[in-house]
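Visitor: The structure follows.
The values are calculated or read from the model by the stated rules, or taken from the named source; none is laboratory data. The model shown is predicted, which means the values in this text are computed figures rather than measured ones. Ideal geometry is used to build each Cβ from the backbone, glycine not excepted, and the neighbour counts take in all protein chains shown.
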Amino acid sequence: MTHPMPDALLEVTDVRKTYGEKVVLRDIALTVEPHDVVCLIGSSGSGKSTLLRCLNLLEDVDDGVIRFEGREISDPRVDRREVRSRMGMVFQSYNLFPHLTVLDNCVLAPRRVHGVPKAEAEQRARDLLTQFGLADQADKHPDRMSGGQQQRAALVRALCTQPTLLLLDEITAALDPELVGEVLTIVRDLAEQGTTMILATHEMAFARDVATTVCFLDGGRILEQGPPAEIFTNPREERTRRFLARVLG
Amino acid sequence: MSEPVETWQPSARERERQAVRRSLRRRALLVSTVATVAFFAVVWFGTVSSPGWPSVKSTFFNWDDAKAAFPSIWHAFWTYNVKLFLIGEVLILILALAVALIRQSRAPVLLPLRIVAVIYTDLFRGIPTILLVFMLAFGIPALNLQGVTNSLFFWGLVALVLSYGAYVAEVIRAGIESIHPSQISSADALGLSRFQAMRYVVVPQGVRRVIPPLLNDFISLQKDTALVGAAGLFDALFAATDYANFHFNFTSYTVVALYFIVLTIPLARFTDHLQHRAMERERQGAR
């Protein structure tokens, strides 16, 4: 077994995932250092979301190794909840709990999973909500807010547990263009603050500006990965070129 | 697009992991087996070793009495209890759905019906079913109405339908109300009428959600068919009482209990199966 680089936060080697006969991920290799922002790009069905779900142990991989903070988390004996308590995830469809207010959504995991006292958890949540322009929404229920506000609240909920790695699964895909901006601004701020993130996205301009590494997925493979300048201006693969030509217009 | 020929072989690490998963599964199987056997052994031993067990065994679990009581109870069970709930369930579903829909309706003309529906559910959920059976089975014939049947079976059935209709109506209403308003909006947007939106979009989803409590009510109904026996209908329970009184042995009650259980278990498994299938079809990630 290869030894992980000492300071790599996440190291993925030869990961494979199948649904029955269908191979959805193959030969995935990816290294994420602290403060990296990795953007996964590629057409729908290329495996971006599945990869994120495998990293968060929502799906079991069929082969390969995932190491997180120097420990193999693809081992069946690993405590999944313990891993997830240090990894945040935000979904395309927000998945806020509709029966709780925004504030209660945000303090649920810190209080119940991490054992943070109520006052402290609420203070931290309110600070983050304020930072994200949601100070006045804290006591509302999610369904009463706009899509952009809901997605920002979902981001705050993920951040409230102070994860070392943030996984964002096409978080702007369900938003209209006006609202995309307000969510991406926040992600950009997080990147500047040094948050380590892996995000599946269709926002190419954003990926070009913010990513430290861009991975182009095609048919379940990472066909090409590198710094955005390289991938966007001088892609090695013909498939990448065609994809970029299509999405960049 | 041609897929490359699959040459994948599990890596050494993956084979190791599969072995770990297998051993974890074996351990889980072992734990569940031991726990299950131990639990039932304790229950069995506790029952059999109690001081009164021999006499309980001969009065409640006597094989000869079971065989002797079987045919007459079967006849009563089939002609009355099974018929009562088979007919009853259909009528209850129709009545309950109608009441639930009326309570959900917004049309101004239907206001009087809405009032009736509210009074009906409040009133009939409040009256004990056995009282309702007595009131209808004894009260209606006492009115001496021309052309109205005095059949105990008929009025017992009506009492059960009225009582359970009120319960089931509320269950269905809860299901309907649990459907997100956006579903009605999108039905509206497609040009469906209010009734069509209910009929094709809301009710199918809402009813599916409340199938477990609906099943509860139906199982409860199956058992409550025995209440009509209390009003004098010669149903399974009455037949069992008859046998018990004549032979001084209660095994006939055990036989009735078995009849009811045998009836409900397949129904419960069948609805579980239906629900599971629907969930797998509609939801990604459901296991």
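Visitor: Any idea how many residues of the stretch A:187-207 are buried (at least 18 other Cβ atoms within 10 Å of the Cβ) and within 15 Å of the chain's Cα centre (by Cα)?
Guide: Residues meeting the conditions: 13.
Visitor: What's the total number of residues in the stretch B:213-271 that are aliphatic (A, V, I, L, M), within 21 Å of B:ALA66 (Cβ to Cβ) and within 20 Å of the chain's Cα centre (by Cα)?
Guide: Residues that pass the stated criteria total 10.
Visitor: For B:LEU123, work out the one condition from (1) outside any helix (DSSP H, G or I); (2) in contact (Cβ under 8 Å) with a residue 24 or more places away in the chain; (3) surrounded by fewer than 14 Cβ atoms within 10 Å (Cβ to Cβ) it doesn't fulfil.
Guide: Failed condition: (1).
Visitor: Taking the criterion of being under 27 Å from B:LEU263 (Cα atoms), polar (S, T, N, Q) and out of contact with any Gly (no Cβ under 7 Å at 6 or more places or on another chain), would at least one residue in the stretch B:189-204 satisfy it?
Guide: no
Visitor: Sort out which residues of the stretch B:27-74 are assigned to a helix (DSSP H, G or I) and of a type in the set (Gly, Ala, Ser), and write them in order of number.
Guide: The answer is B:ALA28, B:SER32, B:ALA35, B:ALA38, B:ALA41, B:GLY46, B:SER55, B:SER58, B:ALA66, B:ALA68, B:ALA69, B:SER72.
Visitor: Residues being small (Gly, Ala, Ser) and surrounded by fewer than 22 Cβ atoms within 10 Å (Cβ to Cβ): count how many of those fall in the stretch A:208-219.
Guide: 1
Visitor: OK, next. Return yes when B:LYS83 is surrounded by 12 or more Cβ atoms within 10 Å (Cβ to Cβ), out of contact with any strand residue (DSSP E or B) (no Cβ under 9 Å at 6 or more places or on another chain), among the charged types (D, E, K, R) and under 28 Å from B:LEU267 (Cβ atoms) and no when it is not.
Guide: yes
Visitor: Can you say whether A:ASP27 is part of a strand (DSSP E or B), at pLDDT 90 or above, within 11 Å of chain B (Cβ to nearest Cβ) and surrounded by fewer than 20 Cβ atoms within 10 Å (Cβ to Cβ), as far as the supplied structure shows?
Guide: Criteria met by A:ASP27.
Visitor: Quick one: which residue in B:ILE130, B:ILE179, B:ILE172 is in a loop (DSSP other than H, G, I, E, B) and modelled with pLDDT of 90 or more?
Guide: Just one listed residue meets the conditions, B:ILE179.
Visitor: Something else now. Looking at the stretch A:148-249, what helices (runs of 4 or more DSSP H) fall wholly within it and have at least 2 residues that are closer than 24 Å to A:GLU33 by Cβ?
Guide: Counting at least 2 such residues, we get A:177-192, A:204-210, A:228-233.
Visitor: Going residue by residue through the stretch B:215-230, is there one that turns out to be farther than 24 Å from B:PRO128 by Cβ and not aromatic (Phe, Trp, Tyr)?
Guide: No: zero hits.
Visitor: Please work out if B:ARG21 is surrounded by 10 or more Cβ atoms within 10 Å (Cβ to Cβ), away from chain A (no Cβ under 11 Å), closer than 30 Å to A:VAL23 by Cα and at pLDDT 90 or above.
Guide: No.
Visitor: Please go through the stretch B:255-287 and give me each residue that is in contact with a helix residue (DSSP H, G or I) (Cβ under 8 Å, 6 or more places away or on another chain) and either of a type in the set (Asp, Glu) or buried (at least 18 other Cβ atoms within 10 Å of the Cβ) (or both), ordered by number.
Guide: Result: B:VAL255, B:VAL256, B:TYR259, B:PHE260.
Visitor: Give the residues of the stretch A:75-102 that are buried (at least 22 other Cβ atoms within 10 Å of the Cβ) and assigned to a helix (DSSP H, G or I), sorted by residue number.
Guide: The answer is A:VAL102, and nothing else.
Visitor: Okay, moving on. What residue, of A:SER49, A:SER93, A:SER85, is of a type in the set (Ser, Thr, Tyr), under 19 Å from A:MET197 (Cα atoms) and more than 14 Å from chain B (Cβ to nearest Cβ)?
Guide: It is A:SER85.
Visitor: Another one. Looking only at the stretch A:58-74, which residues are more than 9 Å from every other protein chain (Cβ to nearest Cβ), touching a residue at least 40 places away in the same chain (Cβ under 8 Å) and not in a loop (DSSP other than H, G, I, E, B)?
Guide: Within the stretch A:58-74, A:ILE66, A:ARG67, A:PHE68 meet the criteria.
Matching residues to (1) over 30 Å from A:ASP75 (Cβ atoms); (2) surrounded by 10 or more Cβ atoms within 10 Å (Cβ to Cβ); (3) within 32 Å of the chain's Cα centre (by Cα):
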site: B:ARG27; (1), (2), (3): no, yes, no
site: B:VAL37; (1), (2), (3): yes, yes, yes
site: B:VAL42; (1), (2), (3): yes, yes, yes
site: B:SER49; (1), (2), (3): yes, no, no
site: B:THR59; (1), (2), (3): yes, yes, yes
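Visitor: Same structure again: Counting only residues that are among the hydrophobic types (A, V, I, L, M, F, W, C) and crowded, with 16+ Cβ neighbours inside 10 Å, which one in the stretch B:235-254 is nearest to B:SER55 (Cα to Cα)?
Guide: B:PHE250
Visitor: Let me ask you something else. Applying the selection to the stretch A:53-74, what residues are of a type in the set (A, V, I, L, M) and either surrounded by fewer than 20 Cβ atoms within 10 Å (Cβ to Cβ) or over 18 Å from B:VAL20 (Cα atoms) (or both)?
Guide: Result: A:LEU55, A:LEU57, A:LEU58.
Visitor: Return only the number of the condition from (1) within 12 Å of chain B (Cβ to nearest Cβ); (2) touching a strand residue (DSSP E or B) at 6+ places or on another chain (Cβ under 8 Å); (3) surrounded by fewer than 19 Cβ atoms within 10 Å (Cβ to Cβ) that A:SER43 does not satisfy.
Guide: That leaves (1) as the condition not met.
Visitor: Are any residues in the stretch A:208-229 over 16 Å from A:SER44 (Cβ atoms) and among the small types (Gly, Ala, Ser), and if so, which ones?
Guide: A:ALA211, A:GLY226, A:ALA229
Visitor: While we're on this one: Please go through the stretch A:136-177 and pick out each residue that is farther than 28 Å from B:PRO181 by Cβ and free of Cβ contacts under 8 Å to residues at least 12 places away in the same chain.
Guide: The answer is A:GLN162, and nothing else.
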